[in-house]
1. Answer yes or no as to whether Leu61 is open to solvent by 70 Å² or more (accessible area, probe 1.4 Å), of a type in the set (A, V, I, L, M, F, W, C) and out of contact with any helix residue (DSSP H, G or I) (no Cβ under 7 Å at 6 or more places or on another chain).
2. Taking only pairs six or more apart or across chains, which ones have beta-carbon atoms under 6 Å, a first residue in the stretch 29-44 that is at positive phi, and a second residue that is within 11 Å of ligand 1 (Cβ to nearest atom)?
3. Can you go through Ala129, Ala156 and tell me which one is open to solvent by 40 Å² or more (accessible area, probe 1.4 Å), among the small types (Gly, Ala, Ser) and free of Cβ contacts under 8 Å to residues at least 40 places away in the same chain?
4. Considering only the stretch 225-239, state which residues are under 24 Å from Ala66 (Cβ atoms) and touching a Pro at 6+ places or on another chain (Cβ under 8 Å).
5. Of all residues in the stretch 64-88, how many are surrounded by 19 or more Cβ atoms within 10 Å (Cβ to Cβ) and away from ligand 3 (no atom under 16 Å from the Cβ)?
6. In this structure, does Phe201 turn out to be within 30 Å of Ile155 (Cα to Cα), in contact with a Ser or Thr (Cβ under 9 Å, 6 or more places away or on another chain) and within 13 Å of ligand 2 (Cβ to nearest atom)?
7. Go through the stretch 18-32 residue by residue and tally those that are within 10 Å of ligand 3 (Cβ to nearest atom) and either farther than 14 Å from Val229 by Cβ or touching a helix residue (DSSP H, G or I) at 6+ places or on another chain (Cβ under 8 Å) (or both).
8. Quick one: is Pro15 away from ligand 1 (no atom under 16 Å from the Cβ), open to solvent by less than 40 Å² (accessible area, probe 1.4 Å) and at pLDDT below 95?
Amino acid sequence: MSPGGPAVGVPSKLPRHVAIIMDGNGRWAQQRLLSRVFGHEKGSEAVRVVVRTCRELGIPLLTLYAFSTENWQRSAVEVEALMGLLRRFLEAERAEMLQTNIRLHVIGCIERLPSDVQQALRRTMADTAQNSALQLNLALSYGGRDDITRALRSIASLVREGRLNPESITEEVVAAHLDTRGMPDPDILIRTGGDMRISNFLLWQLAYTEIFVIPTLWPDFGRDQFLQVLNDFQSRQRRFGRA
Ligand code: IPE
Ligand code: IPE
Ligand code: MG
């Protein structure tokens, strides 16, 4: 490594899809005797860094777990703070997304979100719909089980209407009814905060994803750590069940 050069080199084999469970905001704040909300504020800066890094490297798809179906059970104060933060994040980032050719997409139950947040999301999605360098999927009010349940419901309707035979329901048909329809499955899953679990993220889509659990709390996750994961991915041997 040359002095003053990047701490970690740019990886050669890039993933097509990176998914991240951005965990640890609350602990980050608690360690500093601050309210959990400060941790979320600080966490939104880490989001910017990761989005910019994907854009720079040419990773075409990034899915960020921002709010789960279970996170509705948190205190009203925390939920409201997260929703406010999300709306402000969208307003602040819209210009950069347009400038840097980033497309925003939402997976999850957008209808459950407060109407001002829905409005900000729909506007940003519409404004960036033609962008193609990076697709940023925000998982909002998202649960893997909910995703699969909604897919089953729409498949069942097709069967009832006589437009689909049960025998014709293949894995491809199921995948085509999930929120991630048309997208490749994640090559990499990163979870910050050290917990070894999936927490109802992309249950179907993670079947053969390479998993990286990192002890760093999300607000402290930066470019170098992201590059480190991408470099470690280079040496993972993906067998997909083959010998
Ligand atoms: C992740 O951080 C952000 C959301 C779930 C919205 P947490 O708020 O779960 O942080 P910890 O896990 O309590 O530290
Ligand atoms: C997962 O984190 C959800 C998001 C990061 C949005 P949680 O903090 O909600 O997960 P658990 O409760 O530790 O499993
Ligand atoms: Mg957590």
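1. The answer is no for Leu61.
2. Final answer for the pair search is none.
3. Ala156
4. Hits for the stretch 225-239 are Leu227, Leu230, Phe233.
5. Number of matching residues: 1.
6. Taking the combined requirement at face value, the residue satisfies it.
7. 6
8. So Pro15 does not fit the description; no.
The values are calculated or read from the model by the stated rules, or taken from the named source; none is laboratory data. Quick caveat: nothing in here was measured; it's all calculated off a predicted structure. Quick reminder, even Gly has a Cβ in these numbers, built from the backbone with ideal geometry, and neighbours come from all protein chains shown. Calculation scope for accessible area: heavy atoms of the full protein, side chains included, ligands and nucleic acids excluded. Shrake-Rupley method; radii C 1.70, N 1.55, O 1.52, S 1.80 Å.
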